[in-house]
Amino acid sequence: MNQTTPALGNFINHADLAALIERTKAEDLGPDGLDVTSVHLIPTDRGGAASIVARQHGTLAGAALLELIASTYDEAVQVRNVLTEGSALGVGTAVAELSGPVGGLLAIERVALNFLTHLCGIATLTASYVAAVAGTGATICDTRKTLPGLRGLEKYAVACGGGGNHRRGLHDAMLIKDNHLAYLSADRWETQLRDAIRNARAARPAPAFVEIEVDRIDQLRSTLACKPDFVLLDNMSTQQLRQAVSIRNAEAPAVQLEASGGVTLQTVRQIAETGVDRISVGAITHSAPALDLAMDAL
């Protein structure tokens, strides 16, 4: 389990989460709000209990949604979370216990598991990357490569897995990428960058951080001279990353370096050992396999 359990409300507000769950309910139960199988098979007064159980080893994320999911479907369904977010899961580990009308339990099952399997998958893959760089000082970060509408929850899952969060969107931090630079005047490139950074930092609210992307070592010194908070080193070899760290240490030690591009579990340790401060990994959100969980009747 992580030392600090992330607060779900720091990633998605209650109103947005409630609206998301309402949409999933409407998608599943249709305009009449019916589970036609249970309506014709299960007596309305039949009570029962169930447990959500892990079928794979992994890391827990998404249990914090269960109470709101249950109350959205059937306020008579009660939820008892057995574990805190970020906990390690083994085969057969119980995540939560639910009790109440059987019709409500059966209606909740798939939506609850859809959220949990996806978010646990992200947390589990993130935890694998975090473990791979342990002791190097490098932080594993997510990116904006998330499913539309689920970014807050996916970044929450990254945090449950022990990873760090990059910017939330285009609105909260300034990341100057190669496509931005392509539209700047070649003869005034550095001046335009300095002016843009100064104006951004003077704005209220100011961006959470300012970052500039480079993909060649010969761009680094002039970029460091613009005094960003971070420099993104895109698709560089480990040799280039070490060279970039050496230049940064000598010329702008306060600027943090972030490696990005094509990072895998097989290469992330070597990248971390170059001395970069952060490694952003799009795969932890866009390519995380779902973790196998099930809801079993008790």
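The values are calculated or read from the model by the stated rules, or taken from the named source; none is laboratory data. What you see is a predicted model, and the numbers here were worked out from it, not measured in a lab. As a convention, Cβ positions derive from the backbone with ideal geometry for all residues, glycine included, and neighbour counts pool all protein chains shown.
In contact with a Lys or Arg (Cβ under 9 Å, 6 or more places away or on another chain), farther than 18 Å from Ile279 by Cα and either of a type in the set (S, T, N, Q) or not in a loop (DSSP other than H, G, I, E, B) (or both), is that true of Leu175? Walk me through it before giving the result.
Details: in contact with a Lys or Arg (Cβ under 9 Å, 6 or more places away or on another chain): yes; farther than 18 Å from Ile279 by Cα: no; either of a type in the set (S, T, N, Q) or not in a loop (DSSP other than H, G, I, E, B) (or both): yes.
Answer is no for this residue.
Only one residue in Leu224, Leu241, Leu232 is over 28 Å from the mean Cα position of the chain (by Cα), outside the structural domain of Gln56 (by TED's automatic domain parsing) and surrounded by 17 or more Cβ atoms within 10 Å (Cβ to Cβ), so which one is that?
Values: Leu241 fails: over 28 Å from the mean Cα position of the chain (by Cα); Leu232 fails: over 28 Å from the mean Cα position of the chain (by Cα).
Matching residue, one of Leu224, Leu241, Leu232: Leu224.
Quick check: is even one residue across the stretch 244-259 touching a residue at least 12 places away in the same chain (Cβ under 8 Å) and in contact with a His (Cβ under 9 Å, 6 or more places away or on another chain)?
Checked against the condition, which is being touching a residue at least 12 places away in the same chain (Cβ under 8 Å) and in contact with a His (Cβ under 9 Å, 6 or more places away or on another chain), the stretch 244-259 yields at least one hit.
Across the stretch 8-22, what is the total count of residues that are touching a residue at least 60 places away in the same chain (Cβ under 8 Å) and either among the hydroxyl-bearing types (Ser, Thr, Tyr) or in a loop (DSSP other than H, G, I, E, B) (or both)?
The total comes to 2.
What number of residues in the stretch 169-191 are crowded, with 17+ Cβ neighbours inside 10 Å and more than 24 Å from Leu147 (Cα to Cα)? Steps first, please.
Within the stretch 169-191, the first condition is being crowded, with 17+ Cβ neighbours inside 10 Å, and the residues that meet it are 173-176, 181.
Now restrict to residues that are more than 24 Å from Leu147 (Cα to Cα): 181.
Qualifying residue count for the region: 1.
Scan the stretch 23-47 for residues that are under 15 Å from Leu150 (Cβ atoms) and touching a residue at least 40 places away in the same chain (Cβ under 8 Å) and report the count.
Of the residues in the stretch 23-47, the ones under 15 Å from Leu150 (Cβ atoms) are 23-24, 27.
Okay, now just the ones that are also touching a residue at least 40 places away in the same chain (Cβ under 8 Å), so 24.
Residues in the stretch 23-47 being under 15 Å from Leu150 (Cβ atoms) and touching a residue at least 40 places away in the same chain (Cβ under 8 Å): 1 in total.
Could you pull out the residue among Glu67, Glu85, Glu75 that is touching a strand residue (DSSP E or B) at 6+ places or on another chain (Cβ under 8 Å) and either within 21 Å of Pro289 (Cα to Cα) or outside the structural domain of Cys160 (by TED's automatic domain parsing) (or both)? Walk me through how you get there before you give the answer.
Numbers: Glu85 fails: touching a strand residue (DSSP E or B) at 6+ places or on another chain (Cβ under 8 Å); Glu75 fails: touching a strand residue (DSSP E or B) at 6+ places or on another chain (Cβ under 8 Å).
Selected residue: Glu67, the only one of Glu67, Glu85, Glu75 that is touching a strand residue (DSSP E or B) at 6+ places or on another chain (Cβ under 8 Å) and either within 21 Å of Pro289 (Cα to Cα) or outside the structural domain of Cys160 (by TED's automatic domain parsing) (or both).
For the stretch 45-58, does any single residue satisfy the condition of being touching a helix residue (DSSP H, G or I) at 6+ places or on another chain (Cβ under 6 Å), among the aliphatic types (A, V, I, L, M) and closer than 30 Å to Ala283 by Cβ?
No, the conditions are met nowhere in the stretch 45-58.
Tell me whether the stretch 200-213 contains one or more residues that are in a loop (DSSP other than H, G, I, E, B), closer than 30 Å to Leu291 by Cβ, in contact with a helix residue (DSSP H, G or I) (Cβ under 9 Å, 6 or more places away or on another chain) and of a type outside the set (Val, Ile, Thr). Lay out the reasoning, then the answer.
Start the filter on the stretch 200-213 by keeping residues that are in a loop (DSSP other than H, G, I, E, B), which leaves 203-209.
Restricting the remaining residues to those that are closer than 30 Å to Leu291 by Cβ gives none.
The answer is no, given that none of the residues of the stretch 200-213 is in a loop (DSSP other than H, G, I, E, B), closer than 30 Å to Leu291 by Cβ, in contact with a helix residue (DSSP H, G or I) (Cβ under 9 Å, 6 or more places away or on another chain) and of a type outside the set (Val, Ile, Thr).
When you go through Ala123, Ala131, Ala138 one by one, which is the residue that is under 22 Å from Arg55 (Cα atoms) and more than 10 Å from the chain's Cα centre (by Cα)?
On the way: Ala123 fails: more than 10 Å from the chain's Cα centre (by Cα); Ala138 fails: under 22 Å from Arg55 (Cα atoms).
The unique qualifying residue is Ala131.
Of everything in the stretch 25-56, what is among the small types (Gly, Ala, Ser), under 31 Å from the mean Cα position of the chain (by Cα) and not in a loop (DSSP other than H, G, I, E, B)? Give them in sequence order.
Our first condition is that a residue be among the small types (Gly, Ala, Ser); within the stretch 25-56, this holds for 26, 30, 33, 38, 47-51, 54.
Now narrow it down to the ones that are under 31 Å from the mean Cα position of the chain (by Cα): 26, 30, 50-51, 54.
Within the stretch 25-56, Ala26, Ala50, Ser51, Ala54 meet the criteria.
Consider Glu190 against the criteria (1) over 30 Å from Gly9 (Cα atoms); (2) charged (D, E, K, R); (3) without any contact (Cβ under 8 Å) to a residue 40 or more places away in the chain; (4) out of contact with any Ser or Thr (no Cβ under 6 Å at 6 or more places or on another chain): it satisfies all of them except one. Which criterion is unmet?
For Glu190, the failing item is (4).
Which one of Gln266, Gln239, Gln243, Gln256 is touching a helix residue (DSSP H, G or I) at 6+ places or on another chain (Cβ under 7 Å), under 30 Å from Ala134 (Cα atoms) and either at pLDDT 95 or above or among the aromatic types (Phe, Trp, Tyr) (or both)? Even if it seems obvious, please write down each step before you answer.
Values: Gln266 fails: touching a helix residue (DSSP H, G or I) at 6+ places or on another chain (Cβ under 7 Å); Gln239 fails: touching a helix residue (DSSP H, G or I) at 6+ places or on another chain (Cβ under 7 Å); Gln256 fails: touching a helix residue (DSSP H, G or I) at 6+ places or on another chain (Cβ under 7 Å).
Unique residue meeting the criteria: Gln243.
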